[in-house]
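Just so it is clear, none of the values below were taken in a lab; they were calculated from the coordinates. In this text, all values refer to a predicted model and were calculated from it rather than measured experimentally. Reconstructed Cβ throughout: ideal geometry from the backbone, glycine too, with neighbour counts over all protein chains shown.
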Amino acid sequence: MPATLEVKCTSEDCELDMFEMHYTYDMPDDVGVADFQCPYCRETETLQEIEL
């Protein structure tokens, strides 16, 4: 099953609670939260992975 990454934006000005990314097996193993930006506020430094 492809990897899933659950992410939350911690910016106080952002209305997005959390989002989930599903990506294929072709994604490099070292890809993480720092490689993405919030789809709502476009911030990169405020994203945090949700650990289950």
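So, with +1 on the Cβ of K and R and -1 on the Cβ of D and E, and no other charges, what is the size of the charge dipole of segment 4-49 about its Cα centre, to the nearest 20 debye? Let's see the in-between values first.
Values: 2 positive and 13 negative charges, 18 e Å.
It works out to roughly 80 debye.
Gain on full extension, evaluated as 0.36 nm per residue between residue 24 and residue 10 minus their Cα-Cα distance, stands at 2.4 nm.
Can you give the local net charge around residue 14? Use residues other than it whose beta-carbon is closer than 11 angstrom to its beta-carbon, Lys and Arg +1, Asp and Glu -1.
Details: positive: 8, 42; negative: 12, 13, 15, 17, 43.
Here the count lands on -3.
Considering only 38, 23, 11, and ranking their Cα positions along the charge dipole of the chain that arises from unit charges at the beta-carbon of Lys, Arg, Asp and Glu, the one farthest toward the positive end is 23.
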